[in-house]
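The values are calculated or read from the model by the stated rules, or taken from the named source; none is laboratory data. Just so it is clear, the model here is predicted, and its values are computed rather than measured. Glycine gets a Cβ as well: all are built from the backbone with ideal geometry, and neighbour counts include every protein chain shown. Heavy atoms of the whole protein, side chains included, go into the accessibility calculation; ligands, DNA and RNA do not. Shrake-Rupley method; radii C 1.70, N 1.55, O 1.52, S 1.80 Å.
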Amino acid sequence: MAGLVALGLTRLLHGAMVSRATDQETFGLVGTLIAVTTIGSLLLPAGVASAASKFIPFEHGRGDDAAARGVHRLLVRVGWSGTVPISLGAAVGAAAVLDLGWVDTVQVAALCCAFSAYSVQKSVLYGFGLVPAYTRLELACSGVSLAATVLVVAAGWSVYLLPLAAGYTLFTIGAWWRVRPLTKGPKTRHAATREIAVFVALACIGTLCSQGFLQGTQLLANHFAAPHEVAYFAAAVTLIAPTYFLPRALGIVLFPSMARAHGAGDMDDVRRQADISTRALLVVLAPLFAAALLLAPEILTVFGGTDYADGAPVLRLMLAATYLAVVAVPAVNALSSGAHVRVPVLSAVAGLVTGLAVVAALGGPLGATGVGLGYLCGTAVTAGGPIVTAWRLHRMSWLAPAGLAVGLVAAALVAASIADQWLNPGTRIAAAAFALIMGIFLLRGQIRILRDASIGGRLKVAGGSPSRWGRRV
């Protein structure tokens with residue numbers, strides 16, 4: 001959690017400093033270039049990273065440490081073989097479409113390569129259980145990135161991507177050095193190699209359709225929205241990054257843990273981890289998101305100045321979509337760490353198609369708001385498939401927490417959108433405080449169940465009976 005907070009704050013503070021130092025058009029371009037590099041890293045390295053998080057601990061769970069080391073060597077080779085050409089292709093493509101100079105083109109290639117390598121090495125650290133090493137490296141390299149950003153802004157340079165690339169590069173080097181003594185061993189078996197290749201392909205498709213859609217909203221905004229609205233999307237994507245602190249921490253730890261449990265054949269442990277984690281995300285984050293939805297104009301004003309306050313509708317739609325994506329993280333991990341990886345992948349593909357269809361229909365007349373609505377609808381499909389499948393497969397009792405939490409967030413979104421024009425900053429702050437308190441009050445029973453589960457080591461479901469989804473199974 002500490003390492004991910006450092007990562008998220010680095011991106012947030014980097015975006016805030018750049019937005020303050022530039023105009024909206026320049027900040028929109030910087031956000032677009034970061035989106036291009038992120039999408040490039042999703043083409044292959046993201047799938048390789050997911051495979052490292054799954055197959056290294058899976059082999060450990062089976063008691064085959066030599067195979068785990070062989071998996072690492074295979075995935076690192078595959079990752080590097082794809083990272084360099086993808087980074088060059090992303091840079092050339094961005095230069096052609098966005099009419100970049102050679103300095104910006106080099107920045108795109110450097111950031112894409114560094115972030116791709118960082119993604120793989122981070123997953124390798126977690127695959128080998130080296131969580132403290134990851135945290136130390138993340139904290140140190142985040143500090144380097146922030147210091148470099150301060151230097152770039154203070155000196156008036158325009159190389160806004162290089163500070164991030166420098167931090168990711170240092171992390172990659174440090175992670176490689178840390179796992180170097182652990183990577184000697186025999187090669188993987190041929191059957192395992194085929195299984196890994198299939199998983200990497202599926203993971204790339206799913207990640208590209210889900211996370212790529214988030215970054216792609218900025219590219220879609222370039223087509224459907226005015227230039228200043230592109231800056232709203234860049235700000236929104238930067239601001240929602242901290243909301244992934246807890247789920248990313250859970251996901252990074254849960255995925256190898258669940259894979260290890262799958263390797264050991266302990267399905268009860270997989271169910272327990274998915275159940276408690278999903279409940280925690282539903283009930284703990286709902287009041288916070290409800291308050292944030294009401295405070296969207298003030299959040300944007302603090303981030304980039306008063307010129308960004310008009311982007312509140314975009315930020316609200318992105319926040320609502322992010323909540324759905326966040327609560328689906330444990331279900332996705334429970335399915336992907338076992339034999340049901342195709343469910344999250346197919347859901348992501350369906351979500352992308354749905355979202356693009358909504359954008360095509362509403363992007364023209366509504367501009368940035370239409371793009372935001374498309375992302376919200378697409379994310380609902382992407383998250384809904386894994387949640388419903390895990391709900392039914394593991395006989396979960398999620399009806400009460402899901403209904404109350406999602407209902408609270410939806411009510412806050414509607415209320416904020418309707419009453420925004422009649423509220424001043426002071427009234428919005430009071431409304432946000434009321435929503436936070438009311439959310440905690442409504443969810444107090446679910447919070448109590450969650451607390452008892454954490455203390456007792458197992459979930460104590462009131463009544464002891466499965467939900468209607470469980471009964472259908």
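Odds and ends about this structure:
- Taking region 390-432 as the range and being loosely packed, with under 14 Cβ neighbours inside 10 Å and closer than 18 Å to Ala312 by Cβ as the test, the residues that pass are Val414, Ile418, Ala419, Gln421, Trp422, Asn424, Pro425, Gly426, Thr427, Ala430.
- Verdict on Gly370 being surrounded by fewer than 21 Cβ atoms within 10 Å (Cβ to Cβ) and either part of a helix (DSSP H, G or I) or out of contact with any Leu (no Cβ under 8 Å at 6 or more places or on another chain) (or both): no
- All of (1) open to solvent by 20 Å² or more (accessible area, probe 1.4 Å); (2) assigned to a helix (DSSP H, G or I); (3) within 26 Å of Thr149 (Cβ to Cβ) hold for Arg77 with one exception: (3).
- Answer from Asp65, Asp23 - the residue that is open to solvent by 30 Å² or more (accessible area, probe 1.4 Å), free of Cβ contacts under 8 Å to residues at least 12 places away in the same chain and not polar (S, T, N, Q): Asp23
- Qualifying residue in region 90-106 (condition: buried (at least 16 other Cβ atoms within 10 Å of the Cβ) and of a type in the set (Val, Ile, Thr)): yes
- Single condition Ala380 does not satisfy, out of (1) in contact with a Ser or Thr (Cβ under 7 Å, 6 or more places away or on another chain); (2) open to solvent by 30 Å² or more (accessible area, probe 1.4 Å); (3) within 21 Å of Ile240 (Cβ to Cβ): (1)
- Region 377-411: number of residues that are part of a helix (DSSP H, G or I) and aromatic (Phe, Trp, Tyr): 1
- Residue within region 206-221 that is without any contact (Cβ under 8 Å) to a residue 12 or more places away in the chain and of a type in the set (Val, Ile, Thr) present: no
Quick grid of which residues meet (1) loosely packed, with under 14 Cβ neighbours inside 10 Å; (2) touching a helix residue (DSSP H, G or I) at 6+ places or on another chain (Cβ under 6 Å); (3) at pLDDT below 95; (4) in a loop (DSSP other than H, G, I, E, B):
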| residue | (1), (2), (3), (4) |
| --- | --- |
| Ala114 | no, yes, yes, no |
| Ser119 | no, yes, yes, no |
| Tyr126 | no, yes, yes, no |
| Tyr160 | no, yes, yes, yes |
| Ala175 | no, yes, yes, no |
| Pro181 | yes, no, yes, no |
| Lys187 | no, yes, yes, yes |
| Ala192 | no, no, yes, no |
| Ile196 | no, yes, yes, no |
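- For region 142-158, the set of residues classified as among the small types (Gly, Ala, Ser), open to solvent by 30 Å² or more (accessible area, probe 1.4 Å) and closer than 20 Å to Ala117 by Cα consists of Gly143 only.
- Taken together, the residues in region 86-112 that are more than 22 Å from Ala175 (Cβ to Cβ) and assigned to a helix (DSSP H, G or I) amount to 18.
- Residues being surrounded by fewer than 24 Cβ atoms within 10 Å (Cβ to Cβ) and in contact with a His (Cβ under 6 Å, 6 or more places away or on another chain) - total across region 299-358: 1
- Pick from region 120-135, criterion in contact (Cβ under 8 Å) with a residue 12 or more places away in the chain and out of contact with any Phe, Trp or Tyr (no Cβ under 9 Å at 6 or more places or on another chain), ranking: nearest to Gly167 (Cα to Cα): Thr135
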